[in-house]
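What follows is one structure encoded as structure tokens, with my remarks underneath.
Laboratory data are not the source of any read-out in this text; all were calculated from the coordinates shown. For clarity, every value in this text was computed on a predicted model and none was experimentally measured. Heads up, the Cβs are rebuilt from the backbone with ideal geometry, glycines too, and the neighbour counts pull from every protein chain shown.
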Amino acid sequence: MSHRFLLFLATLLACNVAQAKQARSIGKIKTAQEAPIDPVVARKAIESANQDFIVALKKQDAKAIADAFEPDAILLPPHADAVHGRDAISKYFAGFTASAVIDETSSMTLDVSVAATTAYETGLYTMTTHTGNAAPVADHGKYLCVWKRDSDGHWRVAREISNSSVAPASASPIGNPSHH
């Protein structure tokens with residue numbers, strides 16, 4: 001190797017060391033590595049948060065439902081546009097619970113993967129609702145939630161999407177031919 005190249009590498013290394021020291025001194029780089037989040041503990045906390053959500057849903061408590069979400073969360077409900085932010089999510093669920101009575105609902109976590117302070121949950125849900133004197137409508141489907149762990153240790157939903165596994169009443173058994 002040429003002396004110029006070695007000098008270049010030494011200068012580059014010195015700059016990186018100086019930048020790392022400066023960043024550490026102003027708090028940009030943590031000197032102590034944070035303990036990883038135990039996926040079993042995260043899953044239990046998320047399952048508990050899901051049960052709290054179900055209780056709030058049955059009580060038609062839109063505020064408690066929305067508190068399960070991050071302030072800038074995005075809800076991607078079936079058959080509706082995306083809902084952005086905790087306030088809008090609260091309004092969405094207030095409208096949902098005002099128009100339908102929830103007779104039964106449950107969720108089952110299938111999988112939770114943890115990366116840093118983010119968890120990815122996949123699961124299944126069931127729900128039976130009715131409106132007025134109409135016959136109950138049963139639904140079941142799947143969901144994906146992206147959870148964030150707050151600095152206070154609470155897990156809140158950052159993104160959620162769910163969709164029904166029940167075909168719409170108007171769909172043919174082999175699918176809708178107009179969508180090919």
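Each residue of the range 37-51 was assigned a 3J(HN,Hα) from its phi angle through the Karplus curve 6.51 cos²θ - 1.76 cosθ + 1.60 (θ = phi - 60°); the sequence is 7, 5, x, 5, 5, 4, 4, 4, 5, 5, 4, 5, 4, 5, 5 Hz, with glycine and proline shown as x.
Cα gyration tensor of the range 83-142, axes a ≥ b ≥ c as square roots of the eigenvalues: rounded (a/c below 1.5), prolate (a/b > b/c) or oblate? It comes out oblate by the Cα gyration axes. With distances taken between every two different alpha-carbon atoms, the range 114-171 has a Kirkwood hydrodynamic radius of 13.6 Å. Here the range 57-180 yields Rg over Rh of 1.00, to two decimals, using C-alpha coordinates and the Kirkwood radius. Per residue, the average separation of C-alpha pairs within less than 8 Å and at least 6 apart gives the range 60-172 a relative contact order of 25 percent. Placing a label point 7 Å from the Cα of K59 along the Cα-to-Cβ direction, the residues of the range 90-108 whose backbone N falls under 19 Å from that point are 90-107. Between D103 and T128, T129, H130, the built amide H atoms are under 5 Å apart, and every one of these is 5 or more places off in sequence or on another chain. Per-residue extension of 0.36 nm, minus the Cα-Cα distance of D81 and D111, leaves a gain of 8.2 nm for this segment.
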